[in-house]
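As structure tokens, the structure follows; a few thoughts come after it.
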Amino acid sequence: MQTSTIVLQIVGPLFIMAGAGLLVNRGYYEKLANSISKSVLALLAIGMLAASVGLLIINTGQGWTNQQEIVTSLLGWAMFLKGLFILVVPQSMINLSKSFLKHDSALMLDGALALILGSYITYLGYFM
């Protein structure tokens, strides 16, 4: 089994769960985001984790020859860049999160997009 397939089989269901959670229990995710934004250590840990996982995906599954590899590579780069953004400009990430949390429609859209993207990624991982 290719590395890209394994990554898609893990990340896809996680996106589905996060999207469903956000749609069903917005209050919990709002509290979670507010709590994280107040913790320097949590932001550091999340930034390091996102950057590390992104680099791991990039270095083990980088490829541009088929749909699975392309999506896996894009996920790796997105995770790495998110981690980089959190580590280099954490206050900007906090401000972005706070402005995002002010709008219920933005949270609903994020949850819906996570469900759609997660479904697509899961499909690629298990059925292609």
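Rule-based calculations on the coordinates, nothing more; no lab input. Keep in mind that what you see is a predicted model, and the values were worked out from it rather than measured. Counting neighbours? That spans all protein chains shown, and the Cβs are built from the backbone with ideal geometry, glycine included.
Only one entry of Trp64, Trp77 meets the criterion of being surrounded by fewer than 13 Cβ atoms within 10 Å (Cβ to Cβ) and either in contact with a strand residue (DSSP E or B) (Cβ under 7 Å, 6 or more places away or on another chain) or aromatic (Phe, Trp, Tyr) (or both), and that entry is Trp64. For segment 72-104, a residue qualifies if it is under 13 Å from the mean Cα position of the chain (by Cα) and either touching a residue at least 60 places away in the same chain (Cβ under 8 Å) or over 16 Å from Ala42 (Cα atoms) (or both), and the qualifying residues are Thr72, Leu74, Leu75, Gly76, Trp77, Ala78, Met79, Phe80, Leu81.
Restricting Leu56, Leu96 to those that are part of a helix (DSSP H, G or I) and either in contact with a Gly (Cβ under 8 Å, 6 or more places away or on another chain) or buried (at least 16 other Cβ atoms within 10 Å of the Cβ) (or both) reduces the list to Leu56. Can Phe127 be described as free of Cβ contacts under 8 Å to residues at least 12 places away in the same chain and either aromatic (Phe, Trp, Tyr) or touching a helix residue (DSSP H, G or I) at 6+ places or on another chain (Cβ under 9 Å) (or both)? Yes, satisfied. If I filter segment 2-16 for residues that are surrounded by 13 or more Cβ atoms within 10 Å (Cβ to Cβ), in contact (Cβ under 8 Å) with a residue 12 or more places away in the chain, in contact with an Asp or Glu (Cβ under 9 Å, 6 or more places away or on another chain) and not in a helix (DSSP H, G or I), do I get at least one hit? Yes, the conditions are met somewhere in segment 2-16.
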